[in-house]
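In what follows, a structure is listed as structure tokens, so that the remarks can point back to it.
The values are calculated or read from the model by the stated rules, or taken from the named source; none is laboratory data. Just so it is clear, the model here is predicted, and its values are computed rather than measured. Positions of Cβ are generated from backbone atoms using ideal geometry, with glycine treated the same way; all protein chains shown enter the neighbour counts. Calculation scope for accessible area: heavy atoms of the full protein, side chains included, ligands and nucleic acids excluded. Shrake-Rupley method; radii C 1.70, N 1.55, O 1.52, S 1.80 Å.
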Amino acid sequence: MTSSKPAFNNARWGNISKLTHDNYDEWKDGMILILSAMKAYTIVTGEDPEPQPLDVDHDDNYDDWKAKAAETVSMIRLSCFSEVRHIIKGIRNSQEMSNTLETSLDTTGFYIGRQDILCQFCACRPKEDEPLEAYCTKLST
């Protein structure tokens, strides 16, 4: 079966649909798998912070971390359609990129927030023979 959605193709780690305004949850799951396979997801989550180099010219761990961090930034950026890439324009830190995309595109939290507001609104319905002022007070709180 062929998908009509263009995919972000990376033969070594797999294929995922490119990020749009509508597929954040699917994209995030795919990115977590790919970044985990790259052994770089902990850089994105902040669990593997940038090491302090002992000797910049001879510290392989520092160089390896910097290369892996650059790969994560590149991976995230290239997996986004241009319509959402502008959201992370100029960001060169994968943890900041991830947080920015989540804040901008994760509709789950937005939906839950809207449902919560609706439930609160319904709970404030005026009771029979309740003065309008009491109803307005409940709504404002």
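Among helices (runs of 4 or more DSSP H) lying entirely in segment 1-113, which contain 3 or more residues that are touching a strand residue (DSSP E or B) at 6+ places or on another chain (Cβ under 6 Å), open to solvent by 70 Å² or more (accessible area, probe 1.4 Å) and modelled with pLDDT of 90 or more?
Hits in segment 1-113: none.
May I ask you to verify whether S79 is in contact (Cβ under 8 Å) with a residue 60 or more places away in the chain and closer than 15 Å to I16 by Cβ?
The answer is yes for S79.
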